[in-house]
Amino acid sequence: MFENNVTEYTVYAVGAPIVLTLILIEGVFSASKKLGYYKQGDSLGTIGLIVGNVIVNLITKSSILAFYLFLYQFKLFNIDSYPLWVQISLTLITIDFIYYWFHRTSHRVRFFWGIHMNHHSSEEMNFLVSLRQAWFNPIFRVPFFFIMPLIGFNPLLTFVVGAASTLWAVIQHTKTIGKLGPLEWFMVTPSAHRVHHGVNDGYLNKNFGNVFIIWDRMFGTYAEERETVIYGLTNNVKTFNAFKITAFSWIGFVNDFKRSSSFSEKFLSFFGSPEWQPKSS
């Protein structure tokens, strides 16, 4: 059984100095080589999104955990009876599998893209961008991950393993690390994740995994980094204001809703693909 001696906050306490060090090293390297990886406006926009995300996390975290613990009472399997290393392994694999579909949905359904696009709104690629998360992202994960406590995954362990996998995601956001040989076959590496952030024709809607790239290989969404990546959105926000970035897509969805002439179009205004447009537009 998992003992709550280590919490997700323990992981963050260990990981935060590492992440800050990585950002500092990359920033100094970029400045010394005049690479321009960090732009002042973009970094300030990222910090604004980080602050909002942290506030929402602090407000909602206990309620989300309580909800998962409630569901855990109705678990189908006693996974906590397995050895701890088996629990951790199964938890990591399951988190990553669900995340793949959550992430893929966040790119293909407007309602979720309106949240997730905040992360992609940066036209840069650096360690700080990894922390550029939407304000309401913690809430929008719940419809996908609530299944885990029902299956039998301990919510406390799930939060710890999830926090640890987030640290790996930080390392993916950089242009300073090239391809990593055999790891490219089964892990989401910086090279694989650069592709995910690209708006190049061959890179759009590719490489959705967080830790393992095997899901993308299995479900046909894998693309190898072959050409220089163009970062950002197909329609860039052209602002560093965190409030405007957060509202950017939703303003467009509401306008499409107003222009729609049928129920199906009004539905698609929020639940169609991001590129969908009403016939009247």
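When you look at I88, is it in contact with a Gly (Cβ under 8 Å, 6 or more places away or on another chain) and either hydrophobic (A, V, I, L, M, F, W, C) or on the phi > 0 side of the Ramachandran plot (or both), yes or no? Reasoning before the result, please.
Details: in contact with a Gly (Cβ under 8 Å, 6 or more places away or on another chain): no; either hydrophobic (A, V, I, L, M, F, W, C) or on the phi > 0 side of the Ramachandran plot (or both): yes.
Taking the combined requirement at face value, the residue does not satisfy it.
Of all the numbered requirements in (1) in a loop (DSSP other than H, G, I, E, B); (2) modelled with pLDDT under 95, T166 misses one, and that requirement is (1).
Among the listed residues K206, K266, K238, which satisfies the condition of being charged (D, E, K, R) and touching a His at 6+ places or on another chain (Cβ under 7 Å)?
Details: K266 fails: touching a His at 6+ places or on another chain (Cβ under 7 Å); K238 fails: touching a His at 6+ places or on another chain (Cβ under 7 Å).
Exactly one of K206, K266, K238 is charged (D, E, K, R) and touching a His at 6+ places or on another chain (Cβ under 7 Å), namely K206.
If we scan the stretch 25-36, do we find a residue that is over 16 Å from I245 (Cβ atoms), within 19 Å of the chain's Cα centre (by Cα) and in a helix (DSSP H, G or I)?
Keep residues of the stretch 25-36 that are over 16 Å from I245 (Cβ atoms), which gives 25-36.
With the extra rule that they be within 19 Å of the chain's Cα centre (by Cα), the set shrinks to none.
For the stretch 25-36, residues over 16 Å from I245 (Cβ atoms), within 19 Å of the chain's Cα centre (by Cα) and in a helix (DSSP H, G or I): absent.
Annotation: W85 fulfils all but one of (1) assigned to a helix (DSSP H, G or I); (2) within 30 Å of V237 (Cβ to Cβ); (3) out of contact with any Pro (no Cβ under 6 Å at 6 or more places or on another chain); the unmet one is (2).
Any residue that is among the acidic types (D, E) and under 24 Å from N118 (Cβ atoms) - is there at least one of those in the stretch 36-44? Yes, there is a match, as at least one residue in the stretch 36-44 is among the acidic types (D, E) and under 24 Å from N118 (Cβ atoms). Residues in the stretch 262-281 that are surrounded by fewer than 19 Cβ atoms within 10 Å (Cβ to Cβ), of a type outside the set (A, V, I, L, M, F, W, C) and within 22 Å of the chain's Cα centre (by Cα): S273, E275.
Tell me whether the stretch 54-67 contains one or more residues that are of a type in the set (D, E, K, R) and out of contact with any helix residue (DSSP H, G or I) (no Cβ under 9 Å at 6 or more places or on another chain).
Just the residues of the stretch 54-67 that are of a type in the set (D, E, K, R), to begin with: 61.
Going one step further and asking which of them are out of contact with any helix residue (DSSP H, G or I) (no Cβ under 9 Å at 6 or more places or on another chain), we end up with none.
Checked the stretch 54-67: no residue is of a type in the set (D, E, K, R) and out of contact with any helix residue (DSSP H, G or I) (no Cβ under 9 Å at 6 or more places or on another chain).
Being surrounded by 11 or more Cβ atoms within 10 Å (Cβ to Cβ), among the hydrophobic types (A, V, I, L, M, F, W, C) and touching a Leu at 6+ places or on another chain (Cβ under 8 Å) holds for only one residue in I64, I55, I18, and it is I18.
Inside the stretch 209-261, can you point out the residues that are of a type in the set (D, E) and crowded, with 19+ Cβ neighbours inside 10 Å? It would help to see each step written out before you state the result.
Keep residues of the stretch 209-261 that are of a type in the set (D, E), which gives 216, 224-225, 227, 256.
Scanning the stretch 209-261 gives D216, E225, D256.
Go through the stretch 19-42 and give me each residue that's touching a Ser or Thr at 6+ places or on another chain (Cβ under 7 Å) and touching a residue at least 40 places away in the same chain (Cβ under 8 Å).
Kept after step one, since they are touching a Ser or Thr at 6+ places or on another chain (Cβ under 7 Å), are these residues of the stretch 19-42: 26, 29, 36-38, 42.
If the condition is that a residue be touching a Ser or Thr at 6+ places or on another chain (Cβ under 7 Å) and touching a residue at least 40 places away in the same chain (Cβ under 8 Å), then E26, F29, Y37, Y38, D42 are the ones that fit.
Conditions tested, residue by residue: (1) part of a helix (DSSP H, G or I); (2) of a type in the set (S, T, N, Q); (3) modelled with pLDDT under 95; (4) in contact with a Pro (Cβ under 6 Å, 6 or more places away or on another chain).
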position: T91; (1), (2), (3), (4): yes, yes, no, no
position: T94; (1), (2), (3), (4): yes, yes, no, no
position: H103; (1), (2), (3), (4): yes, no, no, no
position: H107; (1), (2), (3), (4): yes, no, no, no
position: W113; (1), (2), (3), (4): yes, no, no, yes
position: M117; (1), (2), (3), (4): yes, no, no, no
position: M125; (1), (2), (3), (4): no, no, no, no
position: A134; (1), (2), (3), (4): no, no, yes, no
position: P149; (1), (2), (3), (4): yes, no, no, yes
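Within the stretch 193-217, the set of residues being touching a helix residue (DSSP H, G or I) at 6+ places or on another chain (Cβ under 7 Å) and on the phi < 0 side of the Ramachandran plot comprises H193, H197, Y203, K206, F208, G209, N210, V211, F212, I213, W215.
The values are calculated or read from the model by the stated rules, or taken from the named source; none is laboratory data. Remember, predicted model here, so these are calculated numbers, not experimental data. Reconstructed Cβ throughout: ideal geometry from the backbone, glycine too, with neighbour counts over all protein chains shown.
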